[in-house]
Amino acid sequence: MDEMDIFRRLALAIAIGALVGVERHWRERDEDEGARTAGIRTFTLIGMLGGVAGLLERLLAPARAFPGLVLVGFLVTLTAVIALFQYREGVAENRFSATAVVAAMLTFALGALALVGDMTLASAGGVVLAVILASREFLHQAIKRLRWAELRSALILLALAFVL
């Protein structure tokens, strides 16, 4: 991997974080300053952190007996920090959600994937993540309108198509 490839990959990791951050920040755009757990800056940094962790993993892997340890260490630490902030915010507002924590974990993982794996897969994953996050109201309304017969039929069709 040459320097230009590293820069392109790191730029992709940052872009993935920024994309997710724009969606997260937009959703809470009316909140007071400091009231959001994570917005555009935080998620951009999470994407960058994933990229840097992926680069460190790639550079240090040949010298270690346990490949992946750098990525796991960064991911566990990030998850603990984001979960703590989400918990504190949840207690203060009396509403709880795991979405921001999972979104942060995925943003980090996709940033790391951009550095150590397939850039196309990482970028597609970032877009899908942002679309899922932005589709919250649509998905919740669709689930409310879903009837048991429709769900059962879909599950049978999926079982026939993918299991049998």
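The values are calculated or read from the model by the stated rules, or taken from the named source; none is laboratory data. The shown structure was predicted, so the numbers you read here are calculated from the model rather than taken from an experiment. Backbone-built Cβ (ideal geometry, glycine too); neighbour counts: all protein chains shown. We work out accessible area using only protein heavy atoms, side chains counted, and drop any ligands, DNA or RNA first. Shrake-Rupley method; radii C 1.70, N 1.55, O 1.52, S 1.80 Å.
Any idea what the dipole of the chain comes to, in debye rounded to 20, about its Cα centre with Lys/Arg Cβ at +1 and Asp/Glu Cβ at -1?
Approximately 480 debye in magnitude.
Find the all-direction average of the projected area of the Cα convex hull for the chain, expressing the result in square nanometres with one decimal place.
Averaged projected area of the chain's Cα convex hull equals 12.9 nm².
Percent of accessible area on the chain owned by carbon and sulfur, 1.4 Å probe?
On the chain, the fraction of accessible area on carbon and sulfur atoms equals 69 percent.
Hey, can you list the DSSP H helices of the chain whose Cα span along the axis is 20 Å or longer and whose average Kyte-Doolittle score is at least 0.0?
Span-like helices in the chain: 3-27, 40-60, 69-93, 99-116, 119-134.
With a sphere of radius 14 Å drawn around the Cβ of ALA130, what net charge do the other residues whose Cβ falls strictly inside it have (Lys, Arg +1; Asp, Glu -1)?
Charge balance near ALA130 sits at +2.
Which trypsin sites (Lys or Arg not before Pro) does the stretch 1-99 hold that lie in a coil by DSSP with at most 15 other beta carbons within 10 Å?
Passing both the DSSP loop test and the Cβ count: ARG29, ARG64, ARG95.
So, for the chain, what is the accessible surface per residue at a probe of 1.4 Å, expressed in square angstrom?
Result: 65 Å² per residue.
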